[in-house]
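Visitor: Here you go, one structure.
Throughout, read-outs are computed from the coordinates displayed, never taken from laboratory work. Note that this is a predicted model, so its numbers are computed, not measured. Neighbour counts are summed over all protein chains in view; Cβ atoms, including those assigned to glycine, are modelled from backbone coordinates with ideal geometry.
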Amino acid sequence: MPKGKLSKRQSAIYEYICSYTEEHGYPPSVREIGKAVQLASPSTVHMHLKVLEELGLISRDPKKPRTMKIVPRSSDGSRSSVKLASISQDINANVITLPVIGNVAAGTPILAEQNVEDTLSLPTSIVGDASTFILRVHGESMINAGIFNGDYIIVKEQQDAHDGQIVVALIDDSATVKTFYREKNCIRLQPENDTMEPIYSDNPRILGIVTALIRSLS
C-alpha cells in the first residue's frame, strides 16, 4: 500500500476496511468507519474513501450503487492477495452495499452524494436488484401495512408504480411512504393509518417501490 500518499487517518480507514472485511466477509458501513476512526461527519468519511479509490486501494462498481470492494495488494504487501481476492469475489457475488437515504433534495438524483447518510451491506438474495436503496421510515402513516417508525425499507428505484404497490414519493421536497393508486385525474397516495387522510397529486415524483423491510428488535 502506498502509505506515503495517505494521511494517518486515511491509512487507519483502509486498515479498518481490510480487517472488518476479513472478519465479516463484507465491508463496513460509512457510519461504522466513522466511529472506528473518530469521524462524526459521513461526508468527511466519503472524502477519505474517494482518496482510497483514486489510489486504487478500494473500488466501487458503478452498476451497483455504493458497493465497496478491497483491491488486493501486490504479492509484497502485508496481506495475502489471494485471500483478499477471494473475499472480494464473495462480496461481489453474495453481498451488496446499499446507500441509506436521508433527506432528499428536490431536483437531485436519489443517489446523489448529499442524500446518502450511511450504507448497509445486505445479501443479494434479499435485495435482488442493484438499482436499490434503503430509506429509514419516519412517522406512523403506514402502521396498518406493518411499517413502523424507525424501520428501514428496501426500495427498488423506478419512476412508476401499479395500483396497490407501496411507494416512496417526493412531495414538497420530502420523501413519503404511501400506497399508490391512480385516480381519474390524479394520483392518490394512501396512508395505511385510519387517522390520516390521503394525499392527492397531479404528478408526484415516484422514487421507487418498497420490496422489503428491516426492523431492529432491540
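Visitor: Could you sort 195-206, 29-40 so that the peptide with the highest average Cβ count within 10 Å comes first and the rest follow in order?
Guide: Packing order, densest peptide first, comes out as 29-40, 195-206.
Visitor: Quick check on segment 100-214: of the DSSP beta bridges with both residues there, what percent are antiparallel, nearest 5%?
Guide: The answer is about 95 percent antiparallel.
Visitor: Under a crude label model (7 Å from the Cα following the beta-carbon direction), how far is HIS138 from GLU117 in nanometres?
Guide: Once both label points are built, they end up 0.7 nm from each other.
Visitor: Normalising by the residue count of segment 100-214, find the relative contact order in percent from Cα pairs under 8 Å and 6+ residues apart.
Guide: For segment 100-214, the relative contact order is 26 percent.
Visitor: For segment 115-218, state which GluC sites (Glu not before Pro) are in a DSSP loop and have at most 14 other beta carbons lying within 10 Å of their beta carbon.
Guide: For GluC sites (Glu not before Pro) across segment 115-218 that sit outside H, G, I, E and B with at most 14 neighbouring Cβ atoms in 10 Å, the list reads GLU183.
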